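Here the structure is laid out as structure tokens; the discussion comes afterwards.
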Amino acid sequence: MADITAILQQYATKFNKDLEIYFPKAEDKEHRAFNAMHYSLMNGGKRLRPFLLHETAALFGVPYDTAFPVAASLEMLHTYSLIHDDLPSMDNDDFRRGFPTCHKAYDEATAILAGDGLLTYAFEVLNTSPISDSKKVELTLLLARAAGAYDGMVAGQVLDLYTDTHQEFAHPEEVIKHTEEMKTGRLLRYPCEAGAVLGNATADERNTLIKFSRNLGIAFQITDDILDVVGDEKVVGKTLKKDKAQAKLNFVSIYGVDKAKAFATDLINEAESLIDTFGAKADNLKMLSRYFLTRNH
Ligand code: GRG
């Protein structure tokens with residue numbers, strides 16, 4: 001069987017090289033935030049979301065170059081969320097992806113502006129895609145909603161901050177599922193839906209991919225919670241064991257490591273069978289799903 005870490009590495013090398021087209025050399029003062037955007041985008045990152053998008057689009061025969069600006073814009077938006085999450089007023093982290101966080105490498109104001117810049121640039125880049133105007137509009141709306149404050153990533157981050165200090169919930173597993181579905185899940189659902197849009201998928205195919213992405217999102221977050229407890233800081237590239245120190249409500253604090261792992265395994269088994277319908281074209285997606293359980297960073 002092919003090695004997904006090698007496939008991901010090869011993909012990331014090409015993707016990173018291609019990303020550079022969006023960052024012309026800019027050394028004057030006004031480009032400080034632009035350079036900070038480049039710093040955070042290019043230093044590390046597994047590129048899981050763009051890979052997921054490219055592989056989903058490939059189920060329908062969409063070429064790499066057609067999907068590239070869509071994938072690049074998603075990685076920009078994801079990187080903005082990491083920069084802002086690391087800020088002193090949020091998670092207050094010194095390291096991200098094995099490098100000093102944006103506010104440590106630059107300063108807090110520049111990091112806020114770099115996040116703003118990546119969020120904005122994401123929509124500019126998405127709209128340079130070599131696709132029809134109607135697809136651009138659909139993808140713009142989908143991405144804005146996935147990242148947004150109503151039922152997207154920002155709403156998930158709000159609930160996450162709230163559950164840090166309010167532990168009075170009667171059904172904590174429902175709260176945590178809902179939080180993570182928005183905070184982490186929406187940006188994993190988007191690449192699956194975007195692949196379906198790019199590939200003119202049928203409604204059934206699109207729904208299957210949405211279900212697949214839901215399982216992936218929860219399993220991804222469970223692995224993240226487990227890594228926070230048992231991971232190696234040097235490999236993960238950030239400070240660990242923060243969830244327990246902050247008495248954070250998450251899958252591991254509710255179920256414990258073993259039960260959480262078993263739950264994630266069931267979700268990935270189900271995710272794999274959901275995409276059986278795409279045959280051998282879904283092999284990389286299946287390997288990627290398994291990697292969501294086994295990744296060490
Ligand atoms: C600040 C609006 C705002 C949102 C923050 C994404 C997020 C919401 C917070 C990050 C905190 C966190 C560690 C969430 C767990 C899920 C997650 C997004 C992990 C990082 O994703 P990876 O592992 O990272 O794909 P790389 O670095 O490989 O891109």
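Structure above, values below:
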item	result
Over the range 4-294: Rg over Rh, Cα atoms, Kirkwood Rh	0.95
Positive-end extreme of charge dipole, the chain - chosen from 88, 121, 273 (charges on Cβ)	273
Rough spin-label spacing in nm, given labels placed 7 Å along Cα→Cβ, for residue 173 and residue 200	4.4 nm
Relative contact order [Cα under 8 Å, 6+ residues apart], the range 4-294, whole percent	20 percent
Amide H within-cut-off set for residue 95, under 5 Å, with H built and near neighbours excluded	101, 239
30, 272 arranged by Cβ crowding within 10 Å, fewest neighbours leading	30, 272
Nitroxide proxy distance, nm - points 7 Å out along Cα→Cβ at residue 128 and residue 151	3.3 nm
Difference of contour (0.36 nm per residue) and Cα-Cα distance, residue 42 to residue 65	6.3 nm
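Quick note: the coordinates plus some simple rules give every number you see, no bench work behind them. Here the structure is a predicted model, which means the values were calculated and not measured. Here the Cβ is made from the backbone with ideal geometry for all residues, glycine too, and neighbour counts use every protein chain on show.
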